[in-house]
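Quick notes on the structure that follows.
Bear in mind these aren't lab numbers, they're just calculated from the coordinates by the rules spelled out. Predicted model, so just to flag it, every value in this text is computed and none were measured. All Cβ positions, glycine included, derive from the backbone under ideal geometry; neighbour counts span all protein chains shown.
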Amino acid sequence: MITRGKLLGRAAAVAGVVLALVSTGIAQASVPQSAPPAGFSETGIKYVALGDSRASGPRLEPMYPDACSRSYENFAGKISRALDVAEFADVSCSAARAENIIDTPQLIPNYWPVQLDAVHPDTDLITISIGGNDSNSIFLGPLCVAPGPGTDRGCRYDPLANSVAQSGIDRAAGELDRILTAVTQRAPNARIYLIGEGGMISSRGCWPNIPFSDADAAWFMDYFARYNTKFDEVAHAHGVRTVDIAAASIAGGHDACASADQRWFEGLFSESTAQRLHFTDAGMTAVADLVVADLQG
């Protein structure tokens, strides 16, 4: 599901392991086209991809020869090939935070320049996936881990978990506003897609891969729904479109508790080449298909 922005139109193992709850999801098979979609120059699309590990696609071979754990098969790579773009720069990098997009070079896992440097006034397509390292998602997982199958940690009742969740959403939203301000100023005519959070966890747990009770899993799912609502508000204010990966993943049964051939995300124990707690190749294809379909529609 693509949510329309104001200016840019078109609807369309276990305890002790940090659950870095990244997210993603949707269909398959990107369709190339011979000419740029409506609204783009006949000389071709100039596309830049920004973000953290949800965008970069760690361990999805083949990989770029740098330290950013960035895959040629991430959603940006798939989008670039489907649209046959004229220029393409994927500067997403694992462990990136908002500051690494805006004004601060990244030092972990290695030196990486400010991502915004890749955006220019004539850039006309941008995707952004960021927020997992700016929110408190990484701290919430351990608060909800059940000690064994059939048990319930009850983190949904924990005032600390609820406070940590909300403060993280608020902080990440503030950082997103800074990012979108900087990006839209640098490329005022670009069509921008923000990839939403969530989708890995639905209303079911599956110990030990998603080691939550069903009730706590449902609370976590709702946490990401609230997160995305806040991100939608920020994106709308900047005329940016949002891609609701969580809704597509959960509705289609593609969360990390799905069978290996249906999942768009891996849980704590990866059954594919994808890094645990990240998109599978099918999940990356899903995101790409949503964006391409919206551009072609």
- How far, in nm, would the chain grow between ALA251 and LEU107 when pulled straight, counting 0.36 nm per residue and subtracting the alpha carbon separation? 48.0 nm
- Per-residue HN-Hα couplings for the stretch 177-190, Karplus 6.51 cos²θ - 1.76 cosθ + 1.60 at θ = phi - 60°, whole Hz, x for Gly and Pro? 4, 5, 4, 5, 4, 5, 5, 5, 5, 6, 10, x, 9, 6
- Note on the structure: For the chain, the convex hull over Cα atoms projects on average to an area in nm² of 13.7
- Note on the structure: Largest-first semi-axes in Å of the equivalent ellipsoid built from the Cα gyration tensor of the stretch 140-297 are 29, 21, 11
- Note on the structure: Placing each pseudo-label 7 Å from Cα in the direction of the beta carbon, GLU42 and SER259 end up separated by a distance in nanometres of 5.0
